[in-house]
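Below is one structure, written out as structure tokens; the observations come after it.
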Amino acid sequence: MDTIHATRLAFFFGIFAAMALFEIFAPGRPLAHGRKNRWFTSWSLVVLDSILVRIVFPLGGVGIAYWATQESIGLFNWIEIPLWLAGMISFFVLDWSIWFTHVLSHKIPFLWRFHRVHHADPDMDVTTAIRFHPIEILLSMGWKTILIIALGAPPLAVLIFEIVLNGGALFNHTNIRLPGLLEKAVRLLIVTPDMHRVHHSQRMVETDSNYGFSLSVWDRLFGTYTDQPRDGHENMKIGLETIEGEKAEKLIFSLSIPFRHIRESRRDPTPDTKSNWQSDNN
């Protein structure tokens, strides 16, 4: 398990460093709030998230998969199927489940309260990928644990999935712009920074789209795909209109967001809306 944990960390820090350097030397759009306070808050959150996950789920996703295999629990431990096929199916089911729970985190008011910590970031760069409230991370890990056990997912498939998910999230939150033809080609399979940036728009009709973290197929398949932001990538506003950027940069305020009464219409004021959001006054 120590080797597996070290492997995941190596991929995470390697991809993070590469993306951070990329966006520093070739940023996709200027940052309105800089890095100092935002990076402190994001890194503080990910450290807190990691500690809590290690306490509540000490085995981690791969460890849970090993346990299910040893105990012969789960679908692929009950049926005869090639290991490579079980791994491939597990990968796609787990990736779809992340897309689906992301949709639910926007649709269900209780979940949105925690997920808006992620969307409150007034700028978007590689650290936005690690900016999540601890309770949302624990809920997500709980759901992933249930799926891993139910599937009897092969441990190697879970390891690959977690590396791809983390790497994909770091990549598509990075403040970079790929060249036009390359961007179009890559987003046929993988969620690109331009594609995911639309999801962080203050326009709710755009926020209500492009939910994918790694594979782009789910948004196309389920009709939640938006090609480009209406105001363009340079002019689009990122974050939550109802939360001031300066407050969202602060750690304590960010941790308290789910428990604050923040009045928001969650309705795009423009007439071309695709979604009719109800007020979040709970």
Taking region 208-221 on its own, how many of its residues are out of contact with any helix residue (DSSP H, G or I) (no Cβ under 7 Å at 6 or more places or on another chain) and touching a residue at least 60 places away in the same chain (Cβ under 8 Å)? 1
With (1) under 16 Å from the mean Cα position of the chain (by Cα); (2) under 24 Å from Leu45 (Cα atoms); (3) buried (at least 21 other Cβ atoms within 10 Å of the Cβ) as the list, and Leu240 as the residue in question, which single condition is left unmet? (1)
Among the residues of region 23-36, is any open to solvent by less than 50 Å² (accessible area, probe 1.4 Å) and in a helix (DSSP H, G or I)? yes
Number of positions in region 124-146 that are more than 15 Å from the chain's Cα centre (by Cα) and open to solvent by 30 Å² or more (accessible area, probe 1.4 Å): 1
For region 223-237, give me each residue that is in contact (Cβ under 8 Å) with a residue 60 or more places away in the chain and surrounded by 15 or more Cβ atoms within 10 Å (Cβ to Cβ). Thr224, His233
Of all residues in region 173-207 being touching a helix residue (DSSP H, G or I) at 6+ places or on another chain (Cβ under 8 Å) and open to solvent by 20 Å² or more (accessible area, probe 1.4 Å), the one that is farthest from Asp121 (Cα to Cα): Leu189
Check on Asp95, open to solvent by less than 20 Å² (accessible area, probe 1.4 Å), closer than 27 Å to Leu221 by Cα, in contact (Cβ under 8 Å) with a residue 60 or more places away in the chain and not small (Gly, Ala, Ser): yes
With the structure loaded, tell me whether Gly152 is at positive phi, modelled with pLDDT of 95 or more and in contact with a helix residue (DSSP H, G or I) (Cβ under 9 Å, 6 or more places away or on another chain) or whether it fails that test. yes
What is the residue count in region 117-135 for residues that are assigned to a helix (DSSP H, G or I) and in contact with a helix residue (DSSP H, G or I) (Cβ under 6 Å, 6 or more places away or on another chain)? 8
Residue selected from region 44-94 under the condition of a type in the set (Ser, Thr, Tyr) and in a helix (DSSP H, G or I), by the criterion nearest to Leu215 (Cα to Cα): Ser90
Can you confirm whether region 200-208 contains a residue that is within 25 Å of Ile89 (Cα to Cα) and either touching a strand residue (DSSP E or B) at 6+ places or on another chain (Cβ under 9 Å) or of a type outside the set (Phe, Trp, Tyr) (or both)? no
So which residues in region 209-222 are open to solvent by 20 Å² or more (accessible area, probe 1.4 Å) and either in a loop (DSSP other than H, G, I, E, B) or over 21 Å from Ile98 (Cα atoms) (or both), if there are any at all? Phe213, Phe222
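The values are calculated or read from the model by the stated rules, or taken from the named source; none is laboratory data. These numbers were taken from a predicted model, which means no experiment stands behind them. As a convention, Cβ positions derive from the backbone with ideal geometry for all residues, glycine included, and neighbour counts pool all protein chains shown. Each accessible area value is taken on the protein alone, full model and side chains, heavy atoms only, with ligands, DNA and RNA left out. Shrake-Rupley method; radii C 1.70, N 1.55, O 1.52, S 1.80 Å.
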